[in-house]
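Before any comments, here is the structure.
The values are calculated or read from the model by the stated rules, or taken from the named source; none is laboratory data. The shown structure was predicted, so the numbers you read here are calculated from the model rather than taken from an experiment. Cβ atoms come from the backbone with ideal geometry, glycine included; neighbour counts cover every protein chain shown.
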Amino acid sequence: MFNTGATRAVRRKAGLPARFLAAALALLAIAPSGTPAANAEPVHAIAMHGSPSLPADYTHFLYTNPKAPKGGEVTYGVVGSFDSLNPFILKSMRTTARGVIDQQYGNLVFEPLMMRAQSEPFSLYGLLAKTVEWDEDRTFIQFNLNPDARWSDGKPVTADDVIFTFELFRDKGRPPYSTRLDRVEKMEKVDENSVRFTFNDQSNREFPMVLALTPILPKHATDAENFEKSTLEAPIGSGPYRVGAIVPGERITYERNKDYWAKDLPVKKGQDNYDKITIEYFLSENTLFEAFKKGVIDIYPDGSVTNWLRGYDFPAVKDKKVVKETYKNQTPSGMYGFVFNTRRPIFQDKAVRKALTLLFDFEWVNKNLYENVYTRTQSFWQGSTLSSYKRAASNAEKKLLAPFPGTVDPDVMDGSFRLPVSDASGQDRKIQRAAFDILKDAGYAIKNRQMVGPDGRPLAFEVMTQNEGQEKLAIAYQRSLAPLGIKLSIRTVDDAQYQQRSQDFDYDMVVKSYPSSLSPGIEQIGRWGSKARDLPGSFNFAGVADPAVDAMIDAMLNARSQSDFQAAVRVFDRVLLSGYYIVPAYHLDESYLAHWERVTGPAGIAPLYGYYLPAWWDKNAGK
C-alpha cells in the first residue's frame with residue numbers, strides 16, 4: 001500500500017521515469033518530514049488547511065451546551081412535500097423527508113464517518129470513525145471505526161458496512177454519491193473496524209474530507225436490489241433518532257433512540273436534546289408562517305426582510321412568548337438572483353446576459369419592496385477575504401489565469417467592477433442606454449416596440465418562480481425590461497413541479513440561491529463544472545461548461561497553503577462574474593430567526609452560520 005500511494009505521489013510531483021522510482025521512494029521513506037504512509041499516525045480530527053482547533057482531549061464543541069437538558073420536543077416547518085425516506089437516489093433526490101440526513105436539523109437517522117465543526121471553516125472530527133490516518137500528500141486515508149458504534153438495532157458498525165455503502169452508491173446512488181469511487185484506486189478492508197481508500201490521479205486534496213462526510217448505511221438492513229426505488233419504510237441508521245409516525249407528504253416524526261451509541265462522545269455532547277422532533281410540511285410560506293404564529297411550529301428561520309419588519313405584530317410577540325433574534329453573519333454573502341440557463345440558445349451570447357444583468361434595477365427594488373435593508377451582491381464571496389470585489393488580481397491570480405487569456409473582464413481583473421447604481425426610478429435612462437448599446441453591438445434592434453435578435457426572433461423568455469417572494473422580485477425585473485421591448489414571462493409552479501423542472505433543467509431562467517462558505521470545495525464541481533452540465537439532478541443550473549472554470553475549481557481543490565487557496569477562490573470568483581451567468585440580486589449581512597420562548601439555544605461562542613439547531617433544547621424538559 002505504501003508503494004502504490006508513494007509511487008503515484010512521486011510521479012505526480014516530479015515526473016520521474018521508472019528507473020528512478022526506487023531511489024526516490026527510498027529518499028521518501030527516510031525524509032525528515034514524516035513517517036511512511038503505511039504507518040501514519042492516527043488523529044482525532046482533520047482540517048482542509050492548517051490544523052483543527054480542538055485538541056484530542058476536547059470535551060465538546062464550544063457552540064454547544066454540554067449540560068443542556070434532555071427531553072421535550074420541537075416542531076419544525078418546511079414548504080413542500082415528501083414521498084420517500086431514501087435521500088441517496090435520483091428518483092427522490094428532492095422529495096425525501098427532511099431530517100433523514102439534514103444540514104439544518106442534523107443527521108437524525110444516518111451519520112457520516114466524521115462530523116463537521118460549525119465554528120471552523122472546514123474541520124472534521126471523528127464520529128463513526130474514531131480516528132483517521134492520512135499522509136501529507138493525501139494519497140490515501142484510512143478510517144478506523146469506533147468499536148462502540150452501533151446501528152439502531154444494536155448491531156455493530158463495521159468496515160463491511162463502509163465498503164458496502166460506497167459500492168452501493170456507485171452502482172445505484174445519485175450524484176454526488178455515485179461518483180465518490182471515481183477518484184479511488186483501491187478501497188480495502190484493513191480489519192473489522194478499518195477501511196483504507198487509496199486515491200488515483202483524479203483525486204485532490206479536499207477529496208479525503210468529502211469521503212469522511214459520506215453517510216454510512218447498514219449492509220444487513222439495506223435492500224440493495226431495490227435501492228433505486230423510493231420507499232417510506234423506516235430505515236435502520238446509526239443516528240440519534242428513529243423514524244416514528246409518518247403522514248406521507250404532510251408530517252414525519254422522529255423519536256430519540258435512548259440507546260444512541262454516541263450520546264456521550266465529545267463530538268455529540270450537548271446535541272440531539274429533544275425526545276421527539278416533528279417536521280410539518282406546508283403548501284406555501286404564508287401558511288407556514290401562520291402555523292408558526294399559532295404555535296404549531298416552534299422555530300421559524302425568516303428569509304423575508306419585509307416579513308421580519310412587518311409581520312410580527314401578533315399577541316405572542318407582545319407577550320414575549322415569541323422571541324426574535326438577529327445573527328451577524330460570519331460567512332460570505334453567497335449569491336442569490338436570476339440564473340440564465342445557457343443551454344437555451346437565447347442565453348448563449350454573453351453580451352445578452354450582460355445587458356440583461358445591467359437592467360435589473362436593484363435600487364428601485366430595495367427602496368420600494370424592502371425598505372432599503374438589502375446590500376447589492378457584487379461577488380460570490382462578498383464580505384470575506386476570498387472575494388475579488390474591490391481587489392486587483394495578485395501575481396498569483398494572474399499566473400492561474402495565464403492559460404486563459406481574455407476570460408476575465410478588465411474591470412473584474414483590476415477590482416474596479418461594479419454593478420450599475422440606478423436612480424431608483426425604475427427607468428434609469430443611462431443604464432437603459434448602456435444595455436441597449438451592448439445588445440445593438442450583438443446584432444439586436446428594436447422593431448415594432450420589440451427587441452429583436454439577429455435571427456429575427458424577439459428577445460423573450462420565461463422565469464420560473466417557486467413562491468410569492470420570487471414572483472414579486474420577477475415582476476420588478478419584468479418592469480425594468482419592458483421599456484427596451486424585452487418580454488419576460490413569469491410562471492410560478494408548485495413545489496413538486498419546481499423540483500422536477502429544476503432537476504431536468506427545464507426552464508429559461510430560474511431564481512436560485514448559492515450559499516458560500518469560507519471553505520468552498522468539491523460542491524463547486526456540481527454547481528459549475530463541465531461534467532455536471534448535462535448530469536440530471538446536478539446543481540449546474542446555469543449550464544456552465546468552461547475550461548477556465550474547471551481549472552480554477554481544480555486549483556482551489558489542490559491548494560496546499562491558505563494563500564494559494566485564497567488566490568484560487570478569488571480567480572474563480574472573477575471568472576464567474578465575467579461570465580454573467582447570474583443576475584445578482586442582494587443579500588443581508590445578518591440572518592433572522594424567530595422562535596417560541598419554550599425552545600432555546602446555547603449562549604457563548606456562535607457558529608459561523610449564526611445558530612445551530614441540533615444544539616437547541618426544550619426548556620420544559622424534565623419538568
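A few points about this structure:
- Being assigned by TED's automatic domain parsing to the domain that holds Val452, surrounded by fewer than 20 Cβ atoms within 10 Å (Cβ to Cβ) and either of a type in the set (Val, Ile, Thr) or modelled with pLDDT of 95 or more (or both) is a property that does not hold for Ser517.
- Of the helices (runs of 4 or more DSSP H) contained entirely in region 522-623, those carrying at least 2 residues that are more than 18 Å from the chain's Cα centre (by Cα) fall at 547-557, 562-579.
- Which listed residue is in a helix (DSSP H, G or I) and in the same structural domain as Met209 (by TED's automatic domain parsing), from Glu167, Glu188: Glu167
- Set Asp573, Asp534: member being crowded, with 21+ Cβ neighbours inside 10 Å and either more than 26 Å from Ser178 (Cβ to Cβ) or not aliphatic (A, V, I, L, M) (or both): Asp573
- Scope region 492-521; condition assigned to a loop (DSSP other than H, G, I, E, B) and without any contact (Cβ under 8 Å) to a residue 40 or more places away in the chain; matching residues: Val493, Asp506
- Some residue of region 115-131 being over 29 Å from Pro515 (Cβ atoms) and touching a helix residue (DSSP H, G or I) at 6+ places or on another chain (Cβ under 8 Å): no
- Filtered residues of region 258-307 (kept if modelled with pLDDT of 95 or more, of a type in the set (S, T, N, Q) and surrounded by fewer than 19 Cβ atoms within 10 Å (Cβ to Cβ)): Thr287
- Looking only at residues in region 308-340 that are among the small types (Gly, Ala, Ser) and within 30 Å of Lys350 (Cα to Cα), the one that is surrounded by the most Cβ atoms within 10 Å (Cβ to Cβ) is Ser333.
- Check on Asn372, surrounded by fewer than 19 Cβ atoms within 10 Å (Cβ to Cβ), of a type outside the set (Lys, Arg) and not in a loop (DSSP other than H, G, I, E, B): no
- Filter pass, Lys367 being closer than 17 Å to Leu484 by Cβ, over 25 Å from the mean Cα position of the chain (by Cα) and assigned to a helix (DSSP H, G or I): no
- All positions within region 75-95 that are at pLDDT below 95 and outside any loop (DSSP other than H, G, I, E, B): Val79, Leu90, Lys91, Ser92
- Residue check, Glu255 touching a residue at least 24 places away in the same chain (Cβ under 8 Å) and assigned to a strand (DSSP E or B): no
- Any hit, region 310-320, residues being within 27 Å of Ala97 (Cα to Cα), of a type in the set (A, V, I, L, M) and at pLDDT 95 or above: no
- Selection status of Lys328, over 20 Å from Tyr580 (Cβ atoms), in contact (Cβ under 8 Å) with a residue 24 or more places away in the chain and over 28 Å from the mean Cα position of the chain (by Cα): no
Results for (1) part of a helix (DSSP H, G or I); (2) modelled with pLDDT under 95; (3) touching a Lys or Arg at 6+ places or on another chain (Cβ under 8 Å), shown as yes or no for each residue.
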{"residue": "Pro208", "(1), (2), (3)": "yes, no, yes"}
{"residue": "Phe227", "(1), (2), (3)": "no, no, yes"}
{"residue": "Pro235", "(1), (2), (3)": "no, no, no"}
{"residue": "Gly244", "(1), (2), (3)": "no, no, yes"}
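- Some residue of region 478-491 being in contact (Cβ under 8 Å) with a residue 12 or more places away in the chain, within 30 Å of Asp550 (Cβ to Cβ) and not charged (D, E, K, R): no
- Of the residues screened, Phe166 is one that is crowded, with 19+ Cβ neighbours inside 10 Å, touching a helix residue (DSSP H, G or I) at 6+ places or on another chain (Cβ under 7 Å) and over 29 Å from Gly601 (Cα atoms).
Residue by residue, here is whether (1) modelled with pLDDT of 95 or more; (2) hydroxyl-bearing (Ser, Thr, Tyr); (3) more than 25 Å from the chain's Cα centre (by Cα); (4) under 21 Å from Asn107 (Cα atoms) holds:
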{"residue": "Thr139", "(1), (2), (3), (4)": "yes, yes, yes, no"}
{"residue": "Asn146", "(1), (2), (3), (4)": "yes, no, yes, yes"}
{"residue": "Asp160", "(1), (2), (3), (4)": "yes, no, yes, no"}
{"residue": "Gly173", "(1), (2), (3), (4)": "yes, no, no, yes"}
{"residue": "Leu181", "(1), (2), (3), (4)": "yes, no, no, no"}
{"residue": "Lys189", "(1), (2), (3), (4)": "yes, no, yes, no"}
{"residue": "Phe199", "(1), (2), (3), (4)": "yes, no, no, no"}
{"residue": "Pro218", "(1), (2), (3), (4)": "yes, no, yes, yes"}
